[in-house]
Structure formats: structure tokens, C-alpha cells
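What follows is a single structure, written as C-alpha cells, with notes after it.
The values are calculated or read from the model by the stated rules, or taken from the named source; none is laboratory data. Keep in mind that what you see is a predicted model, and the values were worked out from it rather than measured. Glycine also receives a Cβ, built like all others from the backbone with ideal geometry; neighbour counts cover every protein chain displayed. In case anyone asks, the SASA skips ligands and DNA or RNA and just uses the protein heavy atoms, side chains included. Shrake-Rupley method; radii C 1.70, N 1.55, O 1.52, S 1.80 Å.
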Protein chains: 2
Amino acid sequence: MNRVTLAHGSGGQAMQQLIEQLFLTAFANPWLDEQEDQARLALSLLTGAGDRLAFSTDSYVIDPLCFPGGDIGKLAVCGTANDVAVSGALPRWLSCGFILEEGLELALLERIVASMAATARAAGIAIVTGDTKVVPRGAADKLFINTAGIGAIPVGLTWGASSIQPGDVVLVSGTLGDHGATILNLREGLGMTGELRSDCAVLTPLIQTLVNVPGIRALRDATRGGVNAVAHEFAARCGCGIELQERALPVKPAVRGLCELLGLDPLNFANEGKLAIVVARSAAERVLTTLHQHPLGRDAAIIGEVVAQKGVRLTGLYGVTRTLDLPHAEPLPRIC
Amino acid sequence: MNRVTLAHGSGGQAMQQLIEQLFLTAFANPWLDEQEDQARLALSLLTGAGDRLAFSTDSYVIDPLCFPGGDIGKLAVCGTANDVAVSGALPRWLSCGFILEEGLELALLERIVASMAATARAAGIAIVTGDTKVVPRGAADKLFINTAGIGAIPVGLTWGASSIQPGDVVLVSGTLGDHGATILNLREGLGMTGELRSDCAVLTPLIQTLVNVPGIRALRDATRGGVNAVAHEFAARCGCGIELQERALPVKPAVRGLCELLGLDPLNFANEGKLAIVVARSAAERVLTTLHQHPLGRDAAIIGEVVAQKGVRLTGLYGVTRTLDLPHAEPLPRIC
């Protein structure tokens, strides 16, 4: 039997075998080994680190499942870990729910599960509880994954968009749009090979270098909707405006080329390993230097500032400033 | 616009509107209102209650979405809350991830979200973080929901299958198979109307009556695979056997009729509001009395015992004992 069957999602023997032979083996850890209906996690492992739980979830429906730089399994760990980590917490535990389509190749599932396990292990994250559902052929497209993540936010750390104020400076931790451009290229068969690669990464090590740096207001990982969506969220939350400089945006040549070809803007493209950061002006240079010292932040750049006048604006290469609307929709569905 | 579009899953304006007008309104609570990438939950709200986190997840893919006694939204709260609650924890916070099919009626989504919100509120649970994805028509069947839940396990409470031992007694908290029979009847068009109703319920109030009762070994909610699957899990975990008495099984006449009609066994049918409980023999009567005093446990019964000889066995109405195998698969897919 080399394909997922409906029996793999039942409460019966086939499901038990799949759980034991695949998930328990790949994700091996003492919490999962208990095989209770819930993971039981000693709070003492967290409370040393902080006083608040950071708790986040994402479902992953990306098409195709595998792409240069990652796959849906790696993405499902990175994406949720990053949503926890941007609070300043160390992501520590993940849950994971699979929705499998009947007929999915088991070898592909094994490859994706191995990728999840390797990504989590490298990041010090344990996948401690899970669930598997199988739906009949045609009721889902191959494989969806949900993860939810937990970490503890250090005492006194209150990064958040509501603390942003006029005069603050906006940074990004690296080049924009790599993930979105990679998926678009694959899906539309644009044939730009060898140059495009998803930036999918767990950002915890980079974020942790910032935990003791004063003057940081807020962090977000700029995924669906890109830096533009984050800029709009920041602006709406703090009641100010954000002005970005087009010439300051770090964009790889291949991504820029693809955007020009299609008339798209890398600011709207999804990233899976990039931060948008707002800091007090006095902290901007120190934060930039700190980011540059880490491999995940070597292309970091200051890209704009916070102003009193509401809205998000972009000053173009020729000095003309225009309003950046939040698009009604993104360039393509199933980007993550 | 009265249907879900791909734009509702983008990082753009349409998604923001859906989140604000539907989810934030229905689930309203201070954690969700923050609209950060993660909920920030004061550990002090938990540590008063316990020393370990209970953390669990399930994805819900049930077909049809609405059924007598509930809908996928109510189920998504009850199922995960129960998986947390059977540890003895009070389920406190839920995450929620929606995967929507393009074209889904917004009115149906609103109805399901309202059902989630009402079920959670009644159970003292806050839905504090979430995610929405939309996939193109045909890439999913209408609507899937994942929830992950968190609570704190009271200090000193160590319910778990590994503490089960020969001589212990097995109870169930009420009639078996109501949920599975209800869904089977609907899906197969068997036409048994008015008598079948899912038992979908948050079991926390019932479970909390047991927290201070000594002699309780382990609890599970008997969902996919029914009480038979739980009996096999218990037996495998403790290295003992379980013997059940067929005449002791509480089964409603309509469920029994449907099972006889189709040659199926209510022991294998899914429940969504029933516990399987193992207790020390000396505690059995007290636990039974305690269960009977609560509306969710009024049909509770002692159904068997734990023995040294491995395996799960059933003694039939005429006194003949046979081995109960764990079926390879359940009676029907997409039961939850």
C-alpha cells in the first residue's frame, strides 16, 4: 500500500499504524510518546522564560507542495514559529493537524513529515500533539496542514503595533518577495529557473538578537500580502501613516525582473523569512547593525518612516510620492 | 457579494473586512482584538489552576456541515475542548483555522461561526487567535476547521491510561453511537428522522465533577472509532486487557435499530459527548453516582472491567465472549 486510503483517517488499525510508523517516529519526543488526547507540558519549562503565552495558528494550503527552498512541511513549521517569535517569545511547542486527500502518495507524505521534523528539531521546537483526517478523492487537494504554536514572552517585553509613533523608522530584515515570486514562477510556468528560491526560514535566532535591544516598537513577519499588508496593519493599529522609499527596498534581480515582466509590485509579494520592524529613530542604526551581523538579516535595510499623516505612501525612484493602497486581493491564491 | 471569493483569503482588503466584520465580531474578546500575529495570554490566568499545560488539536472535515444536534462549528469547539478537558484541565483558549472553498455561501459561514462563538462562550472558552485560507473551487469541500486548545492541569492530577491496572472498572458517561448514527443516517439517506441526534457537547462541566474524586485512572472522549477504539488504546497503553458486557452498553433504540439494520456495532460508532472512564473498583459506585447527578451523565453505566489477559473482549447477550478487534477502518469517513 503506497497511497493514503480513507482507512488512514479512521479511528481504526490503519490510522494507528500511520501514527506509529510515521508521525511518532519522525517527531519523536516524550510529550508525543504519551499518546494521550492532549500533550501535557510542564509550565515550569515556560515560566522561567516569561510571563505570557504567545499562541498562534496557521493553516497551510500552498500549491505546489514542494518548491525551491522548501515544502509545505517546512513552511508549516516556519510560518507558525515566526508568528509566535515576533512577539519576542521562543516558540517551543507545536500542534499539527493533517488533512489528507485519499490517494496521496505515502512517499510524498513521508518526505513532507520528515521536512517538518527536521525544521522543528533545528529550531528547538517539539511537535507535541496532532491529528490526521483523510477525505475522499476530490474533497481536498492532496494535503493541507494546520499548526498552532506556543512560546513564552519574556517579562517586560511589549513589542506591539500600538506602540508605534511618528518619527519611528521602518526596516526589513532582507530581500522582498522571494517566496511569492518563486511560487508564482512555478505555478505560471514562467521558466525562470535557478534564480528564484523561497526564503522560508524560522526567524527565531534573528529575532532573539533583538530581545535586549531598546527602542524596538513592533515586529511582523511579512507573509501573505507582503510588506505592504504589514505597513497597513501597523498604520491602522497606531493611527499614524507610513512612508516608504522605493529605492531603499532590497529586491533580488530575479524577483525584480519577474515583477517588471508581470507589472506586479514586490511590496505585495509574500515572504516566509522576512521581518518588517518598526523602531525608535534613535535605535535604527543599532538595530540595522545587529540584523546585518546575522545570516538571516544580512540584507536588512531601512525602508521608510512613520509619520503623523495617516495612510501608506511610497516615494518612487524619481521622487514622486503616491498612496499605496492595500490591494483587494493578492497576486495569487494558495501562496502559503 | 454573498459567497466566499479567493480575495477573502488574500492578505488584502477583502480578508481584512471578513476578519473584522465576521470573526472579530463573533468571537469578540480582548486577546483577539489586539490583532497581533499571536494571542498574548497572561500565564497568571493559568498558573492559579495548575502546573502543566494541556494542549490538543483536531481538524474537522465532517460532511454534512450541519446535522441534528450541531454543526461543524459547534463540533470544532466541543471536540478540541473535550480533548483538553479529559486531562482534568479547564479548556481556556482556542485557536481556529478555517480552510474555505471558493464559492461557499457567506450566510452558511456566518451561521457556523455564530455556532462556534456561542458554544465557546457557553463553555467559558475564548477563541483568541485564528487564520483564514481560501482555496479555489474544487480544491476543498466547502469548509474545514482546525482548532487547537489550551488549559492548565490541576497540580497533582495525573489521569492517564498508563495507570490503569487489572481489577479496575470501565464506565461510559452515556448512550453510545448517537453522533455516528446521526451522520450515517443523513449521509446514506436512511430516512430515520426525528429520533437520531448528535450528542455533540462540551464535557468540561461533567469532567470537573470528577476532579476531586479519588480512584480515577483515565478518561477519554470516545470519538472516531467509538468506545472500541478507546478500549484498545487503554489496553495497549497499560499492557492489560479489557472485557466489556454487551448487555450493559447504553444504546438508544433508534441507534440500536440502525445498527441492526446495517449489521454495525455501536461500540465502533463515533460519539462527540461521551466519556470512557476507567476507575479503581472501590471508586466505581461513587463515580457512577456522581455522573448520574449531571445531565451530561444521566445515562452513565458500568460496562466492563480491566483484566490481566491482554486484548479487548465482549461478552454477548447469551454469555458468549469473543475478541473485539479494532476494525481496520471506521464505518464511514468524514464523521468529524
Sorted peptide list for A:154-160, A:193-199, B:171-177, criterion being average Cβ within 10 angstrom, highest first:
B:171-177, A:193-199, A:154-160
Count the DSSP beta bridges whose two residues both fall in segment A:49-137, then state the antiparallel fraction as a percent rounded to the nearest 5.
20
Explain nothing, just compute: Karplus ³J(HN,Hα) = 6.51 cos²θ - 1.76 cosθ + 1.60, θ = phi - 60°, for every residue of segment A:270-281 in order, whole Hz, x for Gly and Pro.
6, 10, 10, x, 9, 9, 9, 10, 10, 9, 4, 3
Kindly provide the helix-only [θ] at 222 nm of chain B, computed as the sum of -39,500 (n - 2.57) over DSSP H runs of four or more divided by all residues, to the nearest 500 deg cm²/dmol?
-8000 deg cm²/dmol
Efficiency of FRET from Cβ geometry, B:ARG256 and B:LEU24, R₀ 35 Å, rounded to 0.05
0.20
First check a/c for segment A:74-220, with a ≥ b ≥ c the square roots of the eigenvalues of its C-alpha gyration tensor; if it is under 1.5, answer rounded, and if not, answer prolate when a/b is larger than b/c or oblate otherwise.
oblate
Report the Cα centroid-to-centroid distance between segment A:230-265 and segment B:199-224 in angstrom, as an integer.
52
What figure, in Å² to the nearest 10, do you get for the accessible area of A:HIS328 with a 1.4 Å probe and non-protein molecules left out?
100
Could you tell me what fraction of 2.2 N^0.38 Å the Cα radius of gyration of chain A comes to, as a two-decimal ratio?
1.03
Would you please give the residues with an amide H less than 5 Å from that of A:ARG217, counting only those at least 5 places away or on a separate chain, with H modeled from the backbone geometry?
A:VAL278, A:VAL279, A:ALA280
Select from A:LEU206, A:VAL227, A:GLY174 the residue farthest towards the positive end of the dipole of segment A:139-243; place +1 on Cβ of Lys and Arg, -1 on Cβ of Asp and Glu, and compute about the Cα centre.
A:LEU206
What does the copy distance list look like for A:VAL211, label position 7 Å along Cα→Cβ, in nm and ordered from shortest?
3.1
Testing the spin-label approximation: label points 7 Å from Cα along Cα→Cβ at B:GLN208 and A:ASN2. State their distance in nm.
5.3
Using a label point 7 angstrom from Cα along Cα-to-C-beta, what distances in nm, from shortest up, separate A:ARG3 from the other copies?
2.9
Percent of Cα-Cα pairs per 5 Å bin, from 0 to the last occupied bin, for segment B:294-336, please list those.
5, 14, 15, 17, 18, 21, 10, 0
Would segment A:8-99 count as rounded, prolate or oblate if I go by the C-alpha gyration tensor, calling it rounded below 1.5 in a/c and otherwise prolate when a/b exceeds b/c, oblate otherwise?
oblate
In square nanometres and to one decimal, what's the mean projected area of the convex hull around the Cα atoms of segment A:161-323?
9.1
With every protein chain in place, segment A:161-323: carbon and sulfur % of accessible area (1.4 Å)
50
HN-Hα J couplings of segment B:3-17 from phi, Karplus 6.51/-1.76/1.60, θ = phi - 60°, integer Hz, Gly and Pro as x?
9, 6, 10, 4, 4, 5, x, 7, x, x, 4, 4, 5, 4, 5
Between B:GLN293 and A:VAL320, what is the FRET efficiency for a Förster distance of 60 Å, r being their Cβ-Cβ separation, to the nearest 0.05?
0.20
In Hz, Karplus ³J(HN,Hα) per residue of segment A:64-78 (6.51, -1.76, 1.60; θ = phi - 60°; x = Gly, Pro):
x, 5, 10, 8, x, x, x, 7, 4, x, 4, 4, 5, 7, 4
Could you work out the relative contact order of segment A:70-226, using alpha carbon pairs under 8 angstrom and six or more residues apart, expressed as a whole percent?
36
Student exercise: in chain B, how many lysine pairs 8 or more apart or on different chains have Cα atoms under 22 Å apart?
5
Interchain or long-range residues, amide H under 5 Å from B:ASP58's placed H
B:THR147
Each label sits 7 Å from Cα toward the beta-carbon; between A:ALA248 and A:GLN165 the label points are separated, in nm, by 2.0
Tell me the distances, shortest first, between A:ALA236 and the same position across the other copies, using label points 7 Å along Cα→Cβ, in nm to one decimal.
4.6
Mean shadow area (nm²) of the C-alpha convex hull around the protein assembly as shown is 28.2
Which sequence of A:LYS310, A:LYS274 reflects their accessible areas, 1.4 Å probe, from the largest down?
A:LYS310, A:LYS274
Can you tell me the mean projection area, over all orientations, of the convex hull of segment A:70-125's alpha carbons? Units nm², please.
3.9
Euclidean distance of C-alpha centroids, segment A:9-39 and segment B:167-190, integer Å
24
Residues whose modelled amide H sits under 5 Å from the amide H of A:GLY167, counting only those 5 or more places away in sequence or on another chain, are A:VAL306, A:VAL307
